[in-house]
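Okay, so here's the structure we're looking at.
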Amino acid sequence: MIDLGLSKIAIIGVVALIVIGPEKLPKVARMAGTLYGRAQRYLHDVKSEVSREIQLDELRNLQKEVADSAAEFQSDVEHHLSSSVQEVEAAWRGDIQPSAPAPIASMDNLERKAKDFRRKKLVRSSAVPAWYKHRTGSKTRVLSGAARVRKFRPGTKSNSSFF
C-alpha cells in the first residue's frame, strides 16, 4: 500500500482545498470515498474468487487421490479374490491338497477364558448390597467434610437441627 502519514494527508488536504476550492471539496471528497469503497469491494471480490479457485483445485486433487486409492483398492481386492477362486477350483479338481486348517483352541482353554471373563465382568459391574453394608457396619453413604466435622464435634447432637 501507499505509505501515507498524518503530515502527508494534511498536505494533500491543504493542496486540494486550494486547487478545488471550499465549495466543491465536500462533493469531491464524497466521490473519492465512494470510489475508494468500490475499489475495496472489487479487490475483496477478486481475492474471494481466487481463494475459491484454490479451494476448488485442492478439492479436485483430493478427489483424484481418492479415486486413485479406490481403484487401487478395487484392483487389490479383485486380485486376491481371483487368486482365492483359483485355489478353490484347483482344490475342487484335486490338483493341490488343501492347506491344513488353523489349529483350533482346546475347549478347556476356551472354557477357562470364558470363566475368567465372566468373573472379571462380575467384579467390575457388581456392587456390595446395602444389607451387607448394614450387617458389617461399613459406610452406606458418603459424608462431606463439613458434615463429618459437625457429626463428630464434641458437645453437639448429630441429628439436631437449627430450624
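Derivation of every value follows stated rules applied to the coordinates shown; laboratory data play no part. Remember, it's a predicted structure, so these values are computed and weren't measured experimentally. Every residue, glycine among them, receives a Cβ derived from its backbone with ideal geometry; neighbour counts consider all protein chains shown.
Which of Val66, Met31, Val14 sits farthest toward the positive end of the charge dipole of segment 7-93, with +1 on the Cβ of Lys and Arg and -1 on the Cβ of Asp and Glu?
It is Val14.
Suppose every Lys and Arg Cβ carries +1 and every Asp and Glu Cβ carries -1, with no other charges. What dipole size does segment 7-93 come out with about its Cα centre, to the nearest 20 debye? Spell out each step's value before the answer.
Details: 11 positive and 13 negative charges, 306 e Å.
It comes to approximately 1460 debye.
Taking the Cα of Ala16, stepping 7 Å toward and past its beta carbon, and measuring to each backbone N in segment 31-48: which are under 14 Å?
31-37
Would you mind ranking Asp3, Asp95 so that the residue whose beta carbon has the fewest other beta carbons within 10 Å leads the list?
If I rank by nearby Cβ atoms, fewest first, I get Asp3, Asp95.
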